[in-house]
Every structure is written in C-alpha cells, then in structure tokens.
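Here's the structure, in structure tokens; my notes come after.
The values are calculated or read from the model by the stated rules, or taken from the named source; none is laboratory data. Here the structure is a predicted model, which means the values were calculated and not measured. Neighbour counts run over all protein chains shown; Cβ positions are idealised from the backbone, glycine included. To get the accessible areas, we keep the full protein, side chains included, count just its heavy atoms, and leave off ligands, DNA and RNA. Shrake-Rupley method; radii C 1.70, N 1.55, O 1.52, S 1.80 Å.
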Amino acid sequence: MSEERLFPKSVDEVILEKVRFFFLPDRTAAFVRNLVDGKVSERSLICCNSGCDVCNETIYNCYMAVKKELENS
C-alpha cells in the first residue's frame, strides 16, 4: 500500500530515504546532494576495494537509486 501525499517528496527527502535504505550514515546525504546538483562528478565514485568506512560503490548505488526516483517523479 503506497503512502498518499499531498505534495511530492523533496529532493532532500528522497536522498535521505535512499541514504538510510543503503545503511549509509546520514552525513552522506550532503555528499549525495552534491552529486545530484552536479557539484561532484559521479566519476569520482570508484571502489578501491580497500574497505573504506563508507564505500564509494555503495554511495554510487545510492546515488543511482536517487536519480531513478527523481526521474520517475
């Protein structure tokens, strides 16, 4: 059952929802917002397989989920 909303979700709501879905720290939302706004290139999100605290691959997957939802809204 989908939630009925009077207004669509804001970009920040979509980002925070996806950040939490991917179990990323909330602080990552600001970085994802910069990706969405084009301030940071998505090309910078390459996994180096070094076990980073917050993996670039997970951030990239989150970013792609945000882009997909924003395109479909």
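Annotations for the structure displayed:
- Under 16 Å from LYS39, Cα to Cα: aspartates and glutamates that are on another chain or at least 8 residues apart: ASP12
- Options (i) 35, 31, 18; (ii) 53, 27, 18; (iii) 44, 24, 18 - which one matches Cα extents along the principal axes in Å as calculated here: (iii)
- The chain - charge dipole about Cα centre, Lys and Arg +1 at Cβ, Asp and Glu -1, debye rounded to 20: 180 debye
- Of interest is the spacing of the C-alpha centroids, which for region 4-38 and region 48-73 amounts to 11 Å.
- Neighbourhood net charge (14 Å Cβ-Cβ; Lys/Arg +1, Asp/Glu -1) for LEU24: 0
- Fraction of accessible area attributable to carbon and sulfur, the chain (%, probe 1.4 Å): 53 percent
- Cut-off 13 Å (backbone N to label point 7 Å along Cα→Cβ of SER10), residues of region 27-61: none
- Helix content alone sets the calculated 222 nm mean residue ellipticity of the chain: runs of n ≥ 4 DSSP H residues at -39500 (n - 2.57) each, divided across all residues, give -16000 deg cm²/dmol.
- Along the axis of the charge dipole computed for region 11-72 (Cβ charges of +1 for Lys and Arg, -1 for Asp and Glu, origin at the Cα centre), the listed residues ASN34, PHE21, SER50 are led at the positive end by SER50.
- Summed over the residues of the chain and divided among them, the accessible surface reaches 75 Å² per residue at a probe radius of 1.4 Å.
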